[in-house]
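Trainee: Before we start, here is the structure in question, set down as structure tokens.
The values are calculated or read from the model by the stated rules, or taken from the named source; none is laboratory data. No experiment lies behind these values; they were computed from the predicted model shown. Glycine also receives a Cβ, built like all others from the backbone with ideal geometry; neighbour counts cover every protein chain displayed. Protein only, heavy atoms only, side chains kept; ligands, DNA and RNA dropped before computing areas. Shrake-Rupley method; radii C 1.70, N 1.55, O 1.52, S 1.80 Å.
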Amino acid sequence: MNEIIQEKENEIINILNSAKGSTISVCKHIYDILHNNPDISSELLQFFLEKYETIKSNEKEIISDYMGENELNSIKEKYGDIVNSFIKKLLLDNLDQKIFYEKVWALIEGDQAFDSEKAKVFALYYFLADQRIPYFQLIDEDIGVTDDEINDVILQNFQDLQKIRFIINTPFLKDMVKTSSALLNILDSAHDKKDKLARMDDILYCIYNQSQEGKNNEE
């Protein structure tokens with residue numbers, strides 16, 4: 001079995017290394033491999049979703065378009081919400097990685113909602129595009145600090161929040177590395193873990209607000 005997995009993983013790598021074509025067309029080739037190897041499909045699915053972003057194609061192998069943009073948008077309207085709601089539900093369960101990918105493949109391949117090959121390939125494509133993929137099981141540890149305590153620290157050091165907000169939004173720091181360095185300096189100057197958690201909370205709060213503003217501007 002290990003030899004078969006290795007062989008199929010190499011096939012996936014070869015596709016990613018050489019393919020020149022749309023992402024949905026790449027997903028069609030990957031889907032065929034998964035579909036034709038049902039005993040190891042979830043393992044191969046995990047391998048593909050974890051490897052995709054790490055490999056830059058040399059684009060030596062042109063692959064034919066599987067579907068055009070208009071058809072893709074039409075299928076997205078029909079099936080996109082199904083994939084989103086499924087991912088959200090699974091994330092709440094904080095599953096083991098192996099079980100997570102087994103459930104994902106069971107949805108793609110076996111759920112009646114995806115009633116055609118194109119629907120199944122789209123589901124694979126949409127999982128791949130999701131920012132919550134690859135999936136990681138997280139440890140829900142007790143940090144020993146309440147939300148109220150964090151809020152108290154934020155209020156006591158409100159200038160830190162103001163500075164974090166400024167760093168994230170100023171055009172003066174022209175690249176991500178400089179911005180990250182400035183934010184790291186604020187984290188490193190924290191007095192203790194509680195203070196560092198409060199500053200990290202500030203950073204996430206500002207980034208979230210910035211992303212929401214971007215969405216509103218697009219609308």
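Trainee: Given the conditions (1) more than 13 Å from residue 125 (Cα to Cα); (2) under 22 Å from the mean Cα position of the chain (by Cα), report the number of the one that residue 37 does not fulfil.
Mentor: Status for residue 37: all satisfied but (2).
Trainee: Within the group 117, 102, 109, which residue is closer than 24 Å to residue 38 by Cα, of a type in the set (Asp, Glu), touching a helix residue (DSSP H, G or I) at 6+ places or on another chain (Cβ under 6 Å) and modelled with pLDDT of 85 or more?
Mentor: The match here is 102.
Trainee: Taking residue 72, is it closer than 27 Å to residue 137 by Cα and open to solvent by less than 70 Å² (accessible area, probe 1.4 Å)?
Mentor: Values: closer than 27 Å to residue 137 by Cα: no; open to solvent by less than 70 Å² (accessible area, probe 1.4 Å): yes.
Here the answer is no, as residue 72 does not meet what is asked.
Trainee: Look at residue 56 and say whether it is open to solvent by 70 Å² or more (accessible area, probe 1.4 Å) and in a helix (DSSP H, G or I). Spell out how you get there, then give the answer.
Mentor: Working: open to solvent by 70 Å² or more (accessible area, probe 1.4 Å): yes; in a helix (DSSP H, G or I): no.
For residue 56, the condition - open to solvent by 70 Å² or more (accessible area, probe 1.4 Å) and in a helix (DSSP H, G or I) - is not met.
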